[in-house]
Amino acid sequence: MAESLVYLPQSGDWICCSCGDPLEPRDASVTYLEGGFTIQVLTCPRCNMALLPEYVAMGKMLEVEQLLEDK
Amino acid sequence: MNQQELRDIEYRCIEEEQPTCQAACPISVDVRAFMGKMAAGDVAGARKILDRTMPLPGVLGRICDHPCELACIRQNAGGALAVGDLERSCVMASPSGGKPMLMPSKGKTVAALGGDMSSLTLAWDLAKKGFAVTLYVAGDKPGGKLNDISPDVLPPEALAEGIDMLGRMGVAIKTGQTVDAALLDTLAAACDAVYVECAGRDLCGLSRADVDAVTLQGPKPNIFCGGWPQPDGSRSIISLVAEGRRAAMTIDRLTAGASLTTSREKEGVTKTRIFTSLKDVPAVPRTEPADHLAGFAPDAAKAEAARCLQCDCMECVKVCEFLKHYKGYPKLYARQIYNNLSIVLGNHYLNRMIDSCTLCGLCTEVCPEDFSMAQLCLDSRRDMVTRGKMPPSAHEFALEDMAFSNGPDFALMRDEPGKDSCTHLFFPGCQLGGEPDSRIPEAYAFLRRKLAGGVALSLGCCGAPALWAGRQALFEEVVAAFKTQWEARGKPRLITACASCLAVFRQAAPDIPAVSLWQVMNEETGLPEAAGCVPAAPVAVHDSCTSRHDAQTQAAVRAILKKRGVPFEELPLSGRYTECCGFGGLVGNAHPELAKAITTRRAAASDRDFLATCAMCRDRLAHVGKRAYHLLDLLFPGKDGADAAARPDPGFSMRHETRARLRRELLATVWNEQVDAKAPAGPDFVVSPEVRAVMEARHILDDDVKRTLAHAEGTGRKFLDRETGHFLASFTPHRVTYWVEYVMEGGTARVFTAYSHRMTVVGVGK
Ligand code: SF4
Ligand code: SF4
Ligand code: SF4
Ligand SMILES: [Zn+2]
């Protein structure tokens with residue numbers, strides 16, 4: 001298996017507000033319709049809240065969404 | 001759609017029909033492509049096109065009697081193209097092509113008696129197909145009467161070159177033969193087939209009556225005849241060629257054991273259904289070479305060929321941005337859509353295309369065969385919905401908007417106060433209801449004052465979004481629900497202020513009598529006393545595409561303008577031929593860029609301010625910066641004295657809010673009922689106009705942002721950027737996850753960006 005792609009924010013020093021912890025890259029599974037894959041995004045190690053940056057949501061992710069919709 | 005239905009649909013579009021010149025050519029030379037190359041000065045390219053269909057092109061190209069010219073569409077706009085002279089010029093100016101490609105030997109032998117043009121053609125064609133052909137000629141050289149043609153017209157070298165090429169193709173030529181019935185008998189016994197060229201005489205005792213006109217099969221199964229003079233005794237070179245080719249085709253079928261007769265109508269001169277409009281085509285006179293024998297000078301050839309109209313139909317593509325965008329034409333699209341719908345596994349590349357037709361129906365109006373792309377796309381959408389193949393993102397936003405309009409925040413059905421049944425029912429529509437200064441209350445008050453019998457009011461959506469989305473069941477549900485309420489009100493006559501609502505009701509519920517507000521004002525109530533805004537210059541009337549077939553409403557709109565003293569102009573495409581504003585068919589959801597191109601194209605049709613009779617048309621036009629009035633702007637004074645044509649597209653969130661406010665306002669002022677505004681979904685926020693535009697394009701509503709803020713602030717589930725102090729939070733109210741980056745300034749948020757996605761990511765949203 002190839003390493004999952006890493007999508008970090010393009011700027012900023014992000015922490016989780018509820019837990020106060022700095023974030024670290026972790027695997028997050030992404031699913032839609034019949035499709036799914038894993039990416040790495042900044043995640044709070046304590047509560048597992050994940051940060052999906054805008055450029056990913058409006059870029060790669062949108063592309064894949066549309067591909068899956070046309071399956 | 002099954003194969004047969006596809007065939008029927010495809011058949012309607014005549015775009016792939018042959019141009020009239022090609023159909024009139026007995027060997028179907030692609031005259032149009034030839035002209036294209038000649039006009040571009042590409043003589044070698046033009047020669048290649050002749051070489052594709054012509055036997056002995058150096059001979060035929062010089063002497064063809066060009067019946068195609070009689071069929072050229074240009075004859076009514078300056079004169080038929082000089083096809084004969086151009087072909088001659090082309091072959092004179094270009095070296096002969098190389099040896100044609102030959103198929104592997106079939107091991108079949110054919111004898112041809114006679115060496116004139118029909119025999120030479122037969123030999124040429126059959127040699128290419130891998131037959132061993134032998135020509136038997138009486139004289140000392142082949143060519144027959146071709147040898148009698150003036151050398152200025154057909155130089156002997158040109159004929160010799162053609163015959164030499166036949167030799168290189170493996171055709172054997174036997175000269176000095178006694179061509180008679182005995183030879184024919186011998187050869188018929190020895191060969192797979194024999195061709196008898198009856199050029200001018202009754203050779204071997206065969207007469208035309210002995211021969212089948214379609215197959216040219218003679219008295220014996222393997223004897224074929226052709227090459228007769230024309231019925232009037234004249235000699236037509238191209239007819240000789242056609243007969244040689246026809247006989248060759250039969251011989252090929254015979255030796256392959258195929259039917260000699262099926263689908264032969266595609267050979268020779270054919271029928272074509274092509275349509276080419278001469279509208280806006282200026283007449284340009286035909287030119288001919290100063291010396292026919294010398295042919296055209298190069299520039300003169302280019303100029304004459306450039307008169308070719310490159311005949312094709314494309315009538316619909318000319319007027320439709322959507323059809324143009326996908327670079328094809330309906331016949332091709334029908335095939336592609338069929339394939340798209342038939343795919344079981346794999347990508348459905350055409351979903352977006354199917355969802356991008358505005359369903360406006362203009363194509364059908366301009367099509368000589370009434371092809372309906374709208375029907376094809378709508379049927380396909382229904383098919384996709386039924387099979388669960390419609391992309392969820394295609395129409396969801398529009399359907400949610402419809403649900404909002406038919407939900408508690410907007411929907412309303414009331415009799416006029418003090419009446420328990422009404423003869424009229426005013427239905428302003430959801431889009432007009434979303435206009436901040438719609439003048440709906442004024443129009444409703446006016447109708448109540450002027451119409452006897454009571455005027456009920458209905459706020460809601462007619463169901464058009466469901467119809468356009470291919471969600472037939474949902475659409476029928478909406479219409480049925482409306483009908484139930486309409487019946488309960490005593491079946492009043494419906495008065496609509498939106499062309500789409502009117503068209504939807506008329507089509508889906510024909511038993512509901514429905515009429516446009518404009519017709520009522522023009523014919524029954526007269527116009528309101530106090531005028532609205534007065535345009536400074538003439539306006540251009542934009543008919544909604546959904547009113548295309550409603551001539552009465554269109555006439556009423558113009559009559560109202562006249563009565564109001566508002567000068568107006570007609571757009572080049574109006575009335576029955578009007579263009580869609582870019583809202584129709586929900587193209588804005590499936591393909592926003594294309595929708596914008598459609599709107600921009602419509603807006604460019606006139607420099608005048610537009611006058612629309614549909615709120616959505618007006619807003620779409622405003623969205624691309626086009627100044628546009630709604631007719632109601634001219635009929636009632638607005639809330640403020642602002643320039644109505646300049647007001648912006650309110651946008652999705654504003655429409656929601658406005659609808660809810662309109663409902664509260666009407667309930668309070670007409671029925672004396674106070675309803676509280678709904679509690680806000682979350683904290684107020686401010687954004688820059690740029691971020692607002694981004695939200696609009698991403699279909700993110702104010703409420704989506706507010707709910708996300710409320711969730712983040714309520715639960716504390718958010719990220720903090722320690723460099724900027726910005727928070728980032730996500731929330732998934734339903735199917736879509738929203739992200740908002742913001743800071744709190746007191747009780748109000750300042751929002752820096754908002755985005756969304758449909759995929760589910762673990763640890764995100766909820
Ligand atoms: S205008 Fe051109 S394409 Fe049309 S019929 Fe004449 S030669 Fe053919
Ligand atoms: S957008 Fe209108 S004119 Fe174009 S294909 Fe669709 S229905 Fe026809
Ligand atoms: S108008 Fe369009 S659909 Fe109709 S025949 Fe021409 S190309 Fe085909
Ligand atoms: Zn945490």
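B:D379 meets each of the listed conditions (1) within 16 Å of ligand 3 (Cβ to nearest atom); (2) within 14 Å of another protein chain (Cβ to nearest Cβ) apart from (2). Within the range B:479-501, no residue that is more than 24 Å from B:E435 (Cβ to Cβ) and free of Cβ contacts under 8 Å to residues at least 24 places away in the same chain sits with its Cβ atom under 6 Å from a residue that is outside any loop (DSSP other than H, G, I, E, B) and open to solvent by less than 50 Å² (accessible area, probe 1.4 Å) at 6+ positions apart or across chains. The strands (runs of 3 or more DSSP E) found wholly in the range B:711-751 and carrying at least 2 residues that are more than 11 Å from chain A (Cβ to nearest Cβ) occupy B:737-745. Being over 17 Å from B:P55 (Cβ atoms), open to solvent by 60 Å² or more (accessible area, probe 1.4 Å) and of a type outside the set (D, E) holds for only one residue in B:A190, B:A181, B:A132, and it is B:A190.
Return the residues of the range B:652-677 that are part of a helix (DSSP H, G or I) and either small (G, A, S) or in contact with a strand residue (DSSP E or B) (Cβ under 9 Å, 6 or more places away or on another chain) (or both); say none if nothing qualifies. Step through it out loud before you land on a result.
Going through the range B:652-677, the residues part of a helix (DSSP H, G or I) turn out to be B:652-670.
Within the range B:652-677, B:S653, B:R659, B:A660, B:L662, B:R663, B:L666, B:L667, B:A668, B:V670 meet the criteria.
Considering every residue within the range B:169-186, establish whether at least one is of a type in the set (G, A, S) and in contact with a strand residue (DSSP E or B) (Cβ under 9 Å, 6 or more places away or on another chain). Working first, answer last.
Step one: list which residues in the range B:169-186 are of a type in the set (G, A, S), which gives B:170, B:172, B:176, B:181-182.
Narrowing the set further to residues that are in contact with a strand residue (DSSP E or B) (Cβ under 9 Å, 6 or more places away or on another chain) leaves B:170, B:172.
Yes - at least one qualifying residue is present in the range B:169-186.
Only one of the numbered conditions (1) open to solvent by 40 Å² or more (accessible area, probe 1.4 Å); (2) more than 8 Å from chain B (Cβ to nearest Cβ); (3) of a type in the set (S, T, N, Q) is violated by A:S4, and that is (1).
One residue is enough: does the range B:294-307 have a residue meeting the conditions crowded, with 16+ Cβ neighbours inside 10 Å and within 10 Å of ligand 2 (Cβ to nearest atom)? So far as the range B:294-307 goes, no, none of its residues is crowded, with 16+ Cβ neighbours inside 10 Å and within 10 Å of ligand 2 (Cβ to nearest atom). In the set (1) touching a residue at least 24 places away in the same chain (Cβ under 8 Å); (2) within 8 Å of chain B (Cβ to nearest Cβ), the condition left unmet by A:K60 is number (2). Scoring B:Q75 on the criteria (1) polar (S, T, N, Q); (2) touching a residue at least 40 places away in the same chain (Cβ under 8 Å); (3) open to solvent by 20 Å² or more (accessible area, probe 1.4 Å) leaves a single failure, condition (2). Looking at B:G526, B:G463, just one residue is more than 30 Å from B:D383 (Cβ to Cβ), open to solvent by less than 40 Å² (accessible area, probe 1.4 Å) and assigned by TED's automatic domain parsing to the domain that holds B:D619, and that residue is B:G526. Within the range B:551-563, does at least one residue satisfy the condition of being open to solvent by 10 Å² or more (accessible area, probe 1.4 Å) and outside any helix (DSSP H, G or I)? The answer is no, given that none of the residues of the range B:551-563 is open to solvent by 10 Å² or more (accessible area, probe 1.4 Å) and outside any helix (DSSP H, G or I).
Facing chain B (nearest Cβ under 10 Å), over 15 Å from B:S730 (Cα atoms) and under 13 Å from the mean Cα position of the chain (by Cα) - does that describe any residue in the range A:39-50?
yes
In the range B:13-36, the residues that are under 14 Å from B:T53 (Cα atoms) and within 14 Å of another protein chain (Cβ to nearest Cβ) never reach a residue that is away from ligand 4 (no atom under 16 Å from the Cβ) and at pLDDT 95 or above with C-beta atoms less than 8 angstrom apart, at least six apart or across chains. Within the range B:418-439, can one find any residue that is more than 16 Å from ligand 1 (Cβ to nearest atom), of a type in the set (K, R) and part of a loop (DSSP other than H, G, I, E, B)? Yes, there is a match, as at least one residue in the range B:418-439 is more than 16 Å from ligand 1 (Cβ to nearest atom), of a type in the set (K, R) and part of a loop (DSSP other than H, G, I, E, B). Selection within the range B:29-41: residues that are part of a loop (DSSP other than H, G, I, E, B) and open to solvent by 30 Å² or more (accessible area, probe 1.4 Å). The member of this set that is nearest to B:H66 (Cα to Cα) is B:D30.
When you look at B:G45, is it under 25 Å from B:W124 (Cα atoms), part of a helix (DSSP H, G or I) and outside the structural domain of B:S150 (by TED's automatic domain parsing), yes or no? The answer is yes for B:G45. Beta carbons closer than 6 Å, at least 6 apart along the sequence or on distinct chains, pair a first residue in the range B:353-364 that is within 14 Å of chain A (Cβ to nearest Cβ) with a second that is within 15 Å of ligand 3 (Cβ to nearest atom) and assigned to a loop (DSSP other than H, G, I, E, B) for B:M353/B:Y326. Within the range B:696-710, take every residue that is part of a loop (DSSP other than H, G, I, E, B) and within 14 Å of chain A (Cβ to nearest Cβ) and give me the one that is nearest to B:R750 (Cα to Cα). Checked the range B:696-710; the qualifying residue nearest to B:R750 (Cα to Cα) is B:I700. Filtered by the rule that a residue be among the charged types (D, E, K, R) and open to solvent by 70 Å² or more (accessible area, probe 1.4 Å), the range B:674-719 gives B:D676, B:K678, B:D684, B:E690, B:R692, B:R707, B:E713, B:R717.
Every test in (1) in the same structural domain as B:F482 (by TED's automatic domain parsing); (2) in contact with a helix residue (DSSP H, G or I) (Cβ under 6 Å, 6 or more places away or on another chain); (3) part of a helix (DSSP H, G or I) is passed by B:S380 save one, and that test is (1).
Which residues, counting only those in the range B:210-264, are hydrophobic (A, V, I, L, M, F, W, C), in contact (Cβ under 8 Å) with a residue 24 or more places away in the chain and more than 17 Å from B:E197 (Cβ to Cβ)? Let's see the steps before the verdict.
The first filter runs over the range B:210-264 and keeps only residues hydrophobic (A, V, I, L, M, F, W, C), leaving B:211, B:213-214, B:216, B:223-225, B:228, B:237-238, B:240-242, B:247-249, B:251, B:254, B:256, B:258, B:260.
Imposing the further condition that a residue be in contact (Cβ under 8 Å) with a residue 24 or more places away in the chain reduces the set to B:214, B:216, B:223-225, B:228, B:237-238, B:240-242, B:247-249, B:251, B:254, B:260.
Those that are hydrophobic (A, V, I, L, M, F, W, C), in contact (Cβ under 8 Å) with a residue 24 or more places away in the chain and more than 17 Å from B:E197 (Cβ to Cβ): B:V214, B:L254, B:L260.
Which condition number does A:Q66 fail, the rest of (1) without any contact (Cβ under 8 Å) to a residue 24 or more places away in the chain; (2) more than 9 Å from every other protein chain (Cβ to nearest Cβ); (3) polar (S, T, N, Q) being met? That leaves (2) as the condition not met.
This table checks each residue for (1) more than 16 Å from ligand 1 (Cβ to nearest atom); (2) within 28 Å of B:G388 (Cα to Cα); (3) open to solvent by 50 Å² or more (accessible area, probe 1.4 Å).
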position	(1), (2), (3)
A:G12	yes, no, no
A:G35	yes, yes, no
A:T43	yes, no, no
A:R46	yes, no, yes
A:Q66	yes, yes, yes
A:E69	yes, yes, no
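Can you tell me which residue in the range B:319-351 is most open to solvent (accessible area, probe 1.4 Å), limited to those that are within 12 Å of ligand 3 (Cβ to nearest atom) and without any contact (Cβ under 8 Å) to a residue 24 or more places away in the chain? Selected residue: B:K324.
Of B:A628, B:A604, B:A590, which residue is within 22 Å of B:T553 (Cα to Cα) and either in the same structural domain as B:P538 (by TED's automatic domain parsing) or crowded, with 24+ Cβ neighbours inside 10 Å (or both)?
Values: B:A604 fails: within 22 Å of B:T553 (Cα to Cα); B:A590 fails: within 22 Å of B:T553 (Cα to Cα).
So the residue among B:A628, B:A604, B:A590 that is within 22 Å of B:T553 (Cα to Cα) and either in the same structural domain as B:P538 (by TED's automatic domain parsing) or crowded, with 24+ Cβ neighbours inside 10 Å (or both) is B:A628.
A:C19 - would you say it is within 18 Å of B:S730 (Cα to Cα) and more than 9 Å from chain B (Cβ to nearest Cβ)?
So A:C19 passes the test.
The values are calculated or read from the model by the stated rules, or taken from the named source; none is laboratory data. These numbers come from a predicted model, not from an experiment. Counting neighbours? That spans all protein chains shown, and the Cβs are built from the backbone with ideal geometry, glycine included. Note: accessible area is taken over every heavy atom of the protein model, side chains too, but ligands, DNA and RNA are not part of it. Shrake-Rupley method; radii C 1.70, N 1.55, O 1.52, S 1.80 Å.
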